[in-house]
Amino acid sequence: MLCVRECPAWCISLLAQQQPDPAPAVGGGRKERTRNVLVSFEVDYGLCMYCGICVDVCPTDCLSWAAEPTQVGGRAELVHGLPELAGD
């Protein structure tokens, strides 16, 4: 969630939920381990300043610059979710 926290335009929204981690607990601890699982991720290019801070702070390199900018026709097409960002 570094990209969401560091974005000066607040154009990124991310929703994650905690689920049990299937990996066994290290050290035999009794507390169940959890991990965050991505539910939704959206970028509103109508608010984006194209500063690149989100790309710089992303620890997993999920965000990157595209060679060609995204062409859109209207306001509704400026919000991209997981399918659009993944190229599906």
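Laboratory data are not the source of any read-out in this text; all were calculated from the coordinates shown. Since we're looking at a predicted model, the values are computed, not measured. Cβ coordinates were reconstructed from backbone atoms using ideal geometry, including for glycine residues, and neighbour counts include every protein chain displayed.
Full extension from LEU63 to VAL79: what is 0.36 nm times the residue separation minus their Cα-Cα distance, to one decimal in nm? Show your work: numbers first, answer last.
Details: separation 16, 0.36 × 16 = 5.76 nm, distance 1.55 nm.
Roughly 4.2 nm would be gained on extension.
Could you order the peptides 39-49, 77-87 from most to least packed, using the average number of other C-beta atoms within 10 Å per residue?
Working: 39-49: 14.3, 77-87: 12.4.
By packing density, highest mean first, the sequence is 39-49, 77-87.
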